[in-house]
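A.B. asks: Okay, handing you the structure first.
Readers should treat all values here as calculations from the given coordinates under stated rules, not as data from a laboratory. Owing to the predicted nature of the structure, the values given are computational and were not obtained by experimental measurement. Cβ sites come from the backbone with ideal geometry, for glycine too, and all protein chains shown count toward neighbours.
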Amino acid sequence: MAEYPRPDFTVDVVLLRWVRRLELLLIERRKDPFAGRWALPGGYVEKDEPARAAAVRELVEETAVTFPSERLLEIGVFSEPGRDPRGWTISSAWIGLAPSDTAARAGDDAAAARWHPVAELPPLAFDHAAIVSAGLARLRAHLQVDTVALALLPAGFRSADARRLYGALIGEDIPPRKFKAWLRRREAVVRIGPSRFIPSAGLTADWLR
């Protein structure tokens, strides 16, 4: 059987939380390449290890954050030549939404682990800026078929809280009346008190934009 060159297989994780603003979990790299630069948590996939499982494992090892594998949404595969100066590397990227009180601490080969405002990200290592951009686009599309983004908010949130969250994810301000009408039309939330809501189990067919 002929031998063919084989790439290294890695994973990268875009983990977001909402604390009055959208934040992204990054690690500061301890080693070259890009020592001292901020990067997404991630690393090499082990032999016979599914990529999703590797993403969860690397997240724990580098940031001490435990995240349910079934709540990771696949962004895609990144394979541009030269994306990693160490050689041919292909990455499977994943995105997840963490509770607002999710704390992180550096582990493995990370010098630091910290939440950064998505609107003010530092320069990122490798092609991680492109992965973040693709992850946000993937999430925006997923907003149309799932209430997953509302899980970023504490139970009993107000419609204004949800509107600010969706505005940050979409990247523009949403008129209050339009957003309230959208919530009602899609049955996206369940009322649990005066002006207080929790996410519904699903969405009716409609579009935010």
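A.B. asks: Applying the Karplus parametrisation 6.51 cos²θ - 1.76 cosθ + 1.60 with θ = phi - 60° to the phi angles of segment 145-153, what ³J(HN,Hα) value in whole Hz is obtained for each residue in order, glycine and proline being reported as x?
C.D. replies: Ordered by residue, 3J(HN,Hα) equals 10, 8, 8, 4, 5, 5, 5, 6, 9 Hz.
A.B. asks: Out of all DSSP beta bridges in segment 8-123, what portion is antiparallel? Express it as a percent rounded to 5. Mind dumping the intermediate values first?
C.D. replies: Numbers: 20 of 29 bridges.
Percent antiparallel among DSSP bridges in segment 8-123 is about 70.
A.B. asks: For a footprinting-style exposure proxy, rank 15, 22 by other Cβ within 10 Å, fewest first.
C.D. replies: Working: 15 25, 22 21.
Ordered by Cβ neighbours within 10 Å, fewest first: 22, 15.
A.B. asks: What nm distance separates the two modelled labels at residue 61 and residue 155, each placed 7 Å from Cα along Cα→Cβ?
C.D. replies: Spacing of the two 7 Å Cα→Cβ label points: 3.6 nm.
A.B. asks: Okay, moving on. Filter the chymotrypsin sites (Phe, Trp or Tyr not before Pro) in segment 77-183 to those in DSSP coil with at most 11 other Cβ atoms within 10 Å of their Cβ, and list the result. Could you put the intermediate results ahead of the total?
C.D. replies: On the way: sites: 78, 88, 94, 115, 126, 157, 166, 179, 182; in loops: 88, 126.
Answer in residue order: no site qualifies.
A.B. asks: Remind me, what semi-axes does segment 148-199 give for its equivalent ellipsoid, largest first in whole Å, using sqrt of 5 times each Cα gyration tensor eigenvalue? Can you show the working numbers first?
C.D. replies: Details: eigenvalues 54, 31, 18 Å².
The three semi-axes for segment 148-199 are 16, 13, 9 Å.
A.B. asks: State the answer as a single residue: which of 181, 79, 132 lies farthest towards the positive end of the charge dipole of the chain, with beta carbon charges of +1 for Lys and Arg and -1 for Asp and Glu, about the Cα centre.
C.D. replies: It is 181.
A.B. asks: Looking at the chain, what % of its DSSP beta bridges pair antiparallel, to the nearest 5?
C.D. replies: On the way: 25 of 35 bridges.
Of all bridge pairs located within the chain, approximately 70 percent are antiparallel.
A.B. asks: Could you work out the helix-only [θ] at 222 nm for the chain, with each DSSP H run of four or more residues adding -39,500 (n - 2.57) and the total divided by the number of residues, to the nearest 500 deg cm²/dmol? Don't skip to the answer; put the middle values down first.
C.D. replies: Numbers: 4 runs with 51 residues, N = 209.
After summing the helix terms and dividing by the residues of the chain, the value is -7500 deg cm²/dmol.
A.B. asks: First obtain the Kirkwood hydrodynamic radius of segment 8-123 from its Cα pairs, then insert it into the Stokes-Einstein equation at 37 °C and 0.692 mPa s, and state the resulting D in µm² per second as a whole number. Write down the numbers at each step before the final one.
C.D. replies: On the way: Rh = 14.3 Å.
The Stokes-Einstein estimate is 229 µm²/s.
A.B. asks: Right, next: Taking the Cα atoms of the chain alone, what are Rg (to one decimal) and Dmax (as a whole number) in Å?
C.D. replies: 18.5, 69
A.B. asks: Quick one: Debye curve from the C-alpha atoms of segment 43-109, no solvent, what's log10 I(q)/I(0) at q = 0.13, 0.15, 0.27 Å⁻¹?
C.D. replies: -0.41, -0.55, -1.27
A.B. asks: Distance from the Cα centre of segment 49-88 to that of segment 155-197, in angstrom?
C.D. replies: Comparing the Cα centres of segment 49-88 and segment 155-197, I get a distance of 31 Å.
A.B. asks: Check each of the GluC sites (Glu not before Pro) in segment 4-92 and keep only those in coil by DSSP with at most 15 other C-beta atoms within 10 angstrom; list them in order. Kindly include the intermediate steps, with their values, before the conclusion.
C.D. replies: Values: sites: 23, 28, 46, 58, 61, 62, 70, 74; in loops: 46.
Here the sparse-neighbourhood loop sites are 46.
A.B. asks: Checking a compactness column here: for segment 7-60, what do you get for Rg(Cα) / (2.2 N^0.38 Å), N being the number of residues?
C.D. replies: After normalising by residue count via 2.2 N^0.38 Å, the value is 1.27.
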